[in-house]
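**Student:** First the structure, then my questions, so here it is.
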Amino acid sequence: MPDVLPVTPLTAPLDATVRPPGSKSITNRALICAALAPGRSTLTGALFADDTEAMMGAVAALGASISRDPVSRTVEVAGLAAPGATSTGRVDARQSGTTSRFVLPAAALLAGRTVIDGTPQLRARPFAPLLDALRQVGATVEELDRPGYLPAAVQGPVRGGAVQVSGHISSQFLSGLLMAGPLMRDGLAVSLTSPLVSVPYVEMTKAVMAAFGVPVSGLTVAPGSYRPVDYAIEPDASAASYFLGAAAVAGGRVTVSGLGTGSLQGDVGFADVLERMGAAVTRTENSVSVAASGRLRGVDVDMADISDTAQTLAAVAVFADSPTRVRGIGFIRGKETDRLAAIVTELRRAGIDATEDDDGFTVNPGPPRPTRFATYEDHRMAMSLSLLGLRVPGIEIEDPGCVAKTYPGYFQDLAALASA
């Protein structure tokens, strides 16, 4: 892609149906469970993007065999027959937080020493709660640079049992531990030392584990084993937020197919926020539609459970008729970038009165001026800020290729909205 991408404003209200690629969160959870299942699993509807390619490489390093078909979005995984006997060497998690935080506990099941590393951006993200938890269950853990950060080496096998972990930094720590739990000698019983953020993602983890034959009771997993299955992955709800937000910004209707009332993903709740703002939302078992033709109201909303859509809301809030206050998301400072500081900085660059709060941000609506937005190597910055360009001329996105992390075809699909 070019270094800078101009966004073309729409000239008419939208009337489009889209189906985003598969859920990154579900794909990566299914890859871990399939890798830990003795036998062959087939994943359909999988996401092929940098984060999931990182996970495919990681589970291959653990000893699983991977066969992929990006055209049909299918992945076949031949899982580990005896994980306790395998030495894996080194895992490159690239920029992927889910990969690194899910693979560390899985690697702790192995007798060999595994080094987990990634990009400088990933090395800046916190890992101390997970590394401490792995020590509690019997793993040998070495931080190879700074305490509490990657690169880190882990060596098992672990015994499991009772473990304490903080919940306020990232639910990914808990999800990674739970998925490795059934293969620990004593199973796993987790207690939280602080309130859990992003609760729907933990519920998603439990649902994927159950599909692979492992039930979770509360935060306790009994010793057992996964079974290989054929597993269908639904579209990505975080990615869907940009298209639903496009309808709110530009007017008209957008329907996202493949996501509905039965979705595993908490981020489908972004449609509820748009409904509070005045958009009309229609939900079915297999779709969600947003239509907007009038004014949008500002909202005061806690987005702790749908934090990956907070930047999308920031873009939509620019066009509301009153301020929007987002709360409960202080932990997203530790994502790919400090997302609170980044979104406020960029909106202010466009002349919008936005302020950074301890646990979120406030957007006071107003007309944005033509702006070239920085994206901070953060796919969600690029995708959310592009929504302003659907309504305002002169909007440009720097480093648009950063969307390859989770949605390589995003800008092509965004442009296709106009001709749908």
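FYI, it's all coordinate maths here, none of it is from the lab. In this text, all values refer to a predicted model and were calculated from it rather than measured experimentally. Reconstructed Cβ throughout: ideal geometry from the backbone, glycine too, with neighbour counts over all protein chains shown.
**Student:** From the phi of every residue in the stretch 355-361, what ³J(HN,Hα) in whole Hz does the Karplus formula 6.51 cos²θ - 1.76 cosθ + 1.60 yield, where θ is phi - 60° and glycine or proline is x?
**Tutor:** The phi angles translate into 10, 8, 10, 4, 10, x, 7 Hz.
**Student:** Which FRET efficiency value, to the nearest 0.05, is calculated for residue 295 and residue 128 with the Förster distance at 41 angstrom and r the Cβ-Cβ distance?
**Tutor:** My answer for the efficiency is 0.35.
**Student:** Which percentage, to the nearest 5, of the DSSP beta bridges contained in the stretch 24-219 is antiparallel?
**Tutor:** That works out to approximately 65 percent antiparallel.
**Student:** Now for a separate question. Treating the stretch 24-219 as a set of equal point scatterers at the Cα positions, no solvent, please give the Debye-formula log₁₀ I(q)/I(0) at q = 0.11 Å⁻¹.
**Tutor:** Log-scaled intensity ratios, in q order: -0.42.
**Student:** Near the amide H of residue 397, under 5 Å away, which other amide H atoms are found, from residues 5 or more places off or on another chain, if H is placed in the peptide plane?
**Tutor:** 5, 7, 373
**Student:** I'd like the FRET efficiency for residue 15 and residue 40, computed as 1/(1 + (r/R0)^6) with the beta carbon distance as r and R0 of 35 Å, rounded to 0.05.
**Tutor:** 0.25
**Student:** Oh, and also: Looking at (i) 33, 27, 24; (ii) 66, 22, 15; (iii) 37, 22, 19, which value of semi-axes √(5λ) of the Cα gyration tensor in Å comes from a calculation on the structure shown?
**Tutor:** Checked against the structure: label (iii).
**Student:** Right, another one. If you look at just the Cα atoms of the stretch 165-299, how large are its Rg and its Dmax in Å?
**Tutor:** Values for the stretch 165-299 (Cα only, Rg and Dmax): 18.2, 59 Å.
**Student:** In whole Hz, what ³J(HN,Hα) sequence does the stretch 219-224 give by Karplus (6.51, -1.76, 1.60; θ = phi - 60°), x for Gly and Pro?
**Tutor:** 10, 10, 10, 7, x, x
**Student:** What is the packing order of peptides 73-80, 358-365, taking the mean over residues of other C-beta atoms within 10 Å and listing the highest first?
**Tutor:** Per-residue mean Cβ counts within 10 Å order the peptides as 73-80, 358-365.
**Student:** Sum -39500 (n - 2.57) across every DSSP H segment of at least 4 residues in the chain, then divide by the residue count to get the 222 nm mean residue ellipticity, nearest 500.
**Tutor:** -8500 deg cm²/dmol
**Student:** If you take every DSSP beta bridge fully contained in the stretch 136-224, what fraction is antiparallel? Give it as a percent rounded to 5.
**Tutor:** Beta bridges within the stretch 136-224, antiparallel portion: roughly 60 percent.
**Student:** Provide the percentage of antiparallel DSSP beta bridges, counting only those with both residues in the chain; round to the nearest 5.
**Tutor:** Within the chain, antiparallel bridges account for around 65 percent of the total.
**Student:** Go through the stretch 262-277 residue by residue and turn each phi into a ³J(HN,Hα) via Karplus (6.51, -1.76, 1.60, θ = phi - 60°); whole Hz please, and just put x for glycine and proline.
**Tutor:** Each residue's phi maps through the Karplus curve to give x, 5, 7, 9, x, 5, 5, x, 4, 4, 4, 5, 4, 5, 4, 7 Hz.
**Student:** Calculate the length of the line joining the C-alpha centroid of the stretch 351-397 to that of the stretch 193-252, in whole Å.
**Tutor:** Comparing the Cα centres of the stretch 351-397 and the stretch 193-252, I get a distance of 28 Å.
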